[in-house]
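Novice: Here it is, the structure in full.
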Amino acid sequence: MKNKLICLLILIISAIACLFLFNTTSYAGYQELDNLTYNVQLNEDGSADITEKWEVYIYDTNTMFKTFDLDSSKFGEITNVKVKEISKSGKVSEFIQTDTYAYHVEKGYYYGLQTEDDVFEIAWGVSVESSADRIYEISYTVKDAVKTYNDCSEFYWQFIGETNGIPADKVQGTIKLPKAVENKENIKVWAHGPLNGEIQIVDNETVSFEVNYLSEETMVETRIAVTENIFTTNENVLERYELENIIEEETAWADEANRERDRLRREQEIEEKLVKITIIALIAVGIGILIFFIIKIIKYIKILSKTEKLKPEQKLEYFRDIPDENSTPAEAAYLYYFDKEKDFKNNLSKIISATMLNLALKKAITIDKDEKNEMKITINRDIEKEKLKEDETSIHNLLIKVRSYTNEKDKDRKNRESISMKDIENYAKKYDTTFLKIVEGIEKTAKNSQKKKQNYDDNLIKESEKWRKKKSAYYISAAFCACFGGMIIPLIEVIPLLICGILCSRLQKKTRNLTQKGTNEQEQWKALERFMENFSLLDEREVPELVLWDKYLVYATAFGIADKVLKQLKIKYPELVDDNYMISNNYMLVYMMSRYNFDRMLTSSMQKAYNAGVRERAARQAAASSSYSSGGGGGGGFSGGGGRRRWPEAGMGGR
């Protein structure tokens, strides 16, 4: 009897464990720093009091953390750890310290302790289920942070390491010496990281540094050498001369960084010359055609004043059927978001995610989970490309490029057909120009497709494009005249150009119109969206069979309502909780999205990849115009030296 009870207990525990595993979402959320500020106070005993202020956007995250790779040859122990939250009104709330390690820390608690043999971690519970902007302040003391040699004292510290998992729009900091030096030239400073960073000697006791557009997995570290004896009680003393070696090492890194800057600067100069040539050409012809365009504008205003904006022939509250079953998610989204020009691009990650889900339905790719419970994408190379539309082919080819790049980079993965979402993000950072060209080109492809379907009035579309280009030309010309016209004839040139630009803008909006067919289909897509959002409230006879929801969910993802639809599906179809029923009836997309929130994982990851590409492009442009690095320690731009070659890793992230 006793053995039977034990067996029964084991079965119950196993069943609960399985239920937990199948219903737990395992994705890691997302974090992005608006601003990261460091304040460092160096002390006479060689210790450093460091305060970090994180102004961070958090999505679906339980715990934030910062890690340090411990190395007794570089610095001593880390003590006096504190964590605070600062509200927008300035109210400070101190977190409660715990001495117990936890992967997920309870909200309002924190710890700072050695979690492995060579890792010290500061972690605190945030418990953000959706999204939020938060401000946190963490502070700690680093013992033996300064080394004193016979000819100088050195503070060499890595603030952010290459394992950093959080991108930042801006990183800045100040480092205060224990006291002012007598001669400012006795302070030598260097910094390593992205080439757009800057480090400066502010005064006789203060050093500052700043970086814009810091990507993930990018380090930031500073190095200060002081030749005056201001660390009077420091016991971390090494009996050797080191200043000459430091300057020699930093000079080599600075020369390498400056060569890269020169290359980027040459590229930017070519781009700037092309822009200048374009502006000059516009100014040269602008004056001559000004009167001509005013006449043309008046003519089109008269025409457009007689043109009524088309309305749908039938106003629909709900529409149950898919308006055009051959429409790709991008094509449907282009009509759905048509009234607001920028909405398509603002929802690009959702549209690309929906396209990938549609590729999965067409067997062009397979979306699944790997042994680490992370999303993996397997590419079917044998798919007949004629079954895919142009925008789907673009994304399919992009995934093939990512797979080829990943296999080339990671030899252990050679010949594997599957890729992860992290692989896509890494590709976007490495080849940001190619990635963004493919992804952002989806809008143009969808637009051309709708033209072929005669959902636009081609003549009005051409007029709209023409006025859009002319509007841009007028505004650029007006800006150029305002900046460089001097005191000669600024009002005569600028005001007419601005008036023409405004009129062109109005013409562009009026001519941007759908045909009657396109207007009717747009109404159907919007009514379908309302139906999907509210179908659980409708009569049973009006709700489609479960087999149709694989396709519905693709469009729901493109429209950004997949979460709402899935919640209603679980209410309307109780059989969704039965894994055997779902798999045997081959409702794979509904199954994956309801069990693992694949739509949220996919959309979040695609947004990260898109942001990474945009950030890399911005950082490269900023680096091209940054200051040169100084090998002699006089401040200036960051170099690419240091890092793993010299310093223990410092990581940041969320989980």
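Novice: Pick from GLU325, GLU341, GLU313, GLU239: which is open to solvent by 70 Å² or more (accessible area, probe 1.4 Å), in a loop (DSSP other than H, G, I, E, B) and at pLDDT 90 or above?
Specialist: That would be GLU239, the only listed residue that is open to solvent by 70 Å² or more (accessible area, probe 1.4 Å), in a loop (DSSP other than H, G, I, E, B) and at pLDDT 90 or above.
Novice: Here's something else I'd like to know. Looking at TYR427 and the list (1) open to solvent by less than 50 Å² (accessible area, probe 1.4 Å); (2) closer than 30 Å to GLU521 by Cβ; (3) not small (Gly, Ala, Ser), which single condition is not satisfied?
Specialist: (2)
Every residue, every condition in (1) modelled with pLDDT under 90; (2) within 24 Å of ARG600 (Cβ to Cβ); (3) open to solvent by less than 30 Å² (accessible area, probe 1.4 Å); (4) of a type in the set (Gly, Ala, Ser), yes or no:
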site: TYR59; (1), (2), (3), (4): yes, yes, no, no
site: ASN62; (1), (2), (3), (4): no, yes, no, no
site: SER72; (1), (2), (3), (4): yes, no, no, yes
site: GLY76; (1), (2), (3), (4): no, no, yes, yes
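Novice: Further, regarding this structure: Of all residues in the range 162-181 being in a strand (DSSP E or B) and hydrophobic (A, V, I, L, M, F, W, C), which is farthest from SER215 (Cα to Cα)?
Specialist: Of everything passing the filter in the range 162-181, ILE175 is farthest from SER215 (Cα to Cα).
Novice: Looking at the range 132-176, which of its residues are closer than 25 Å to THR61 by Cα and hydrophobic (A, V, I, L, M, F, W, C)?
Specialist: Across the range 132-176, the qualifying residues are ALA132, ILE135, ILE138, PHE159, ILE160, ILE166, ALA168, VAL171.
Novice: Run down ARG403, ARG416 and say which single residue is of a type in the set (Lys, Arg) and over 21 Å from LYS608 (Cα atoms).
Specialist: ARG416
Novice: Restricting the search to the range 140-186, which residues are closer than 29 Å to GLU216 by Cα, surrounded by fewer than 17 Cβ atoms within 10 Å (Cβ to Cβ), in contact with a strand residue (DSSP E or B) (Cβ under 8 Å, 6 or more places away or on another chain) and modelled with pLDDT under 95?
Specialist: Scanning the range 140-186 gives THR163, GLY165, LYS170.
Novice: For the range 117-139, name all the residues that are within 25 Å of the chain's Cα centre (by Cα), farther than 18 Å from ILE86 by Cβ and crowded, with 19+ Cβ neighbours inside 10 Å.
Specialist: Scanning the range 117-139 gives a single hit, ALA123.
Novice: Here is a further query. Just checking, how many residues over the range 505-553 are under 13 Å from GLU317 (Cα atoms), crowded, with 18+ Cβ neighbours inside 10 Å and modelled with pLDDT under 85?
Specialist: 1
Novice: Under 6 Å between Cβ atoms, which residue pairs at least 6 apart in sequence (or on different chains) link something in the range 265-277 that is in contact (Cβ under 8 Å) with a residue 40 or more places away in the chain with a partner that is among the aliphatic types (A, V, I, L, M) and open to solvent by less than 100 Å² (accessible area, probe 1.4 Å)?
Specialist: Filtered contacts from the range 265-277: ARG265/ALA624; GLN268/ALA624.
Novice: Please list, ordered by residue number, the helices (runs of 4 or more DSSP H) wholly in the range 554-655 having 3 or more residues that are modelled with pLDDT under 65.
Specialist: Fully inside the range 554-655 and qualifying: 579-584, 588-596.
The values are calculated or read from the model by the stated rules, or taken from the named source; none is laboratory data. The structure presented is a predicted model; accordingly, all values stated were derived computationally and were not measured. Here Cβ is always computed from backbone atoms with ideal geometry, including for glycine, and neighbour counts include all displayed protein chains. With ligands, DNA and RNA removed, areas are computed over all heavy atoms of the protein, side chains included. Shrake-Rupley method; radii C 1.70, N 1.55, O 1.52, S 1.80 Å.
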